[in-house]
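To keep things clear, I will list the structure first and then write my remarks on it.
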Amino acid sequence: MKCYIFVITIAFLLFPIDSNAFRKGEPKDFSIRLSDAVIERTKHDVTYDGSYRKIKYPGGDVPENVGVCTDVVIRAYRILGIDLQKDVHEEMKTHFKSFPKIWGLSRPDTNIDHRRVPNLQTFFKRKGISYKVTNNPRDYVTGDLVTWMLPGNLPHIGIVVNKQSGDGKRPLIVHNIGWGPKLEDILFEFPITGHYRYYGR
């Protein structure tokens, strides 16, 4: 038994994680396309600005040169034809009481609801797939959505992509933490608060 455990341990050490890994039964093409879409976002010059703005609905967006962490996710999904503004709003219209009351709203607001991390977390739990948060990098595969709590109790979100850290031990993340969309090795840099997958309605 000890020999068996030793062999398994050595195998994990010798073979780095494959950030192209997928869970059984999940559409690989979607995951790769979402990864490609969010990596493409890193080519854009975006000033970090979460100001409230009136935008059209559906398909609304803040100006291309501004945005926050949620806008990286929203814009990546839009490339795949999925409108999180519309999806989140439709869910909030029907189940408003199930969403956070952090902002004192009495009804949904298509201008801002989908741009707030706690709302996205609630939405992904309800309409997507919610996974257990772990410290195992192998559990986070291409196309997964991860949320963190930054210092100062600031919620944050990013997408796992099909690229690995320099040592091959962790999948990289595309996110915007203040300097525009970046591809970085930050999976375990902050406390993880959520782990999700969403394929659209």
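Which residue is farthest from D83 (Cα to Cα), if the candidates are limited to the stretch 101-133 and must be of a type in the set (S, T, N, Q) and either in contact (Cβ under 8 Å) with a residue 24 or more places away in the chain or touching a Cys at 6+ places or on another chain (Cβ under 8 Å) (or both)? Out of the qualifying residues, it is S130. Against the criterion of being at pLDDT below 95 and in a loop (DSSP other than H, G, I, E, B), R107 does not qualify. Restricting attention to the stretch 114-134, the residues being in a strand (DSSP E or B) and buried (at least 19 other Cβ atoms within 10 Å of the Cβ) number 0. Filtering the stretch 65-94 to residues that are among the aliphatic types (A, V, I, L, M), part of a helix (DSSP H, G or I) and surrounded by fewer than 16 Cβ atoms within 10 Å (Cβ to Cβ) leaves only I79. Among all positions in the stretch 140-150, there is at least one residue which is touching a strand residue (DSSP E or B) at 6+ places or on another chain (Cβ under 8 Å) and of a type in the set (D, E).
When you check V160 against the structure, is it in a strand (DSSP E or B) and crowded, with 20+ Cβ neighbours inside 10 Å, yes or no? Considered against the rule, which asks whether it is in a strand (DSSP E or B) and crowded, with 20+ Cβ neighbours inside 10 Å, V160 comes out as yes. Does L80 satisfy the condition of being at pLDDT 95 or above and touching a Leu at 6+ places or on another chain (Cβ under 7 Å)? Yes, satisfied. Among the listed residues D18, D29, identify the single one that is in a helix (DSSP H, G or I), within 20 Å of V161 (Cα to Cα) and modelled with pLDDT under 95. None of the others qualify; the one that does is D29. Say whether the condition of being over 18 Å from the mean Cα position of the chain (by Cα), part of a strand (DSSP E or B), closer than 21 Å to I186 by Cα and modelled with pLDDT of 95 or more is met by at least one residue in the stretch 43-64. Checked the stretch 43-64: at least one residue is over 18 Å from the mean Cα position of the chain (by Cα), part of a strand (DSSP E or B), closer than 21 Å to I186 by Cα and modelled with pLDDT of 95 or more. Against the condition hydroxyl-bearing (S, T, Y) and under 21 Å from T42 (Cα atoms), how does Y77 come out, does it pass? For Y77, the condition - hydroxyl-bearing (S, T, Y) and under 21 Å from T42 (Cα atoms) - is met.
R170 satisfies every condition listed in (1) under 20 Å from R41 (Cα atoms); (2) touching a Leu at 6+ places or on another chain (Cβ under 6 Å) except (1). Taking the conditions exactly as written (surrounded by 14 or more Cβ atoms within 10 Å (Cβ to Cβ) and over 24 Å from S35 (Cα atoms)), does N111 satisfy them or not? Judged against the criteria, N111 is a match.
The values are calculated or read from the model by the stated rules, or taken from the named source; none is laboratory data. Being a predicted model, the structure only gives us computed values, none of them experimental. As a convention, Cβ positions derive from the backbone with ideal geometry for all residues, glycine included, and neighbour counts pool all protein chains shown.
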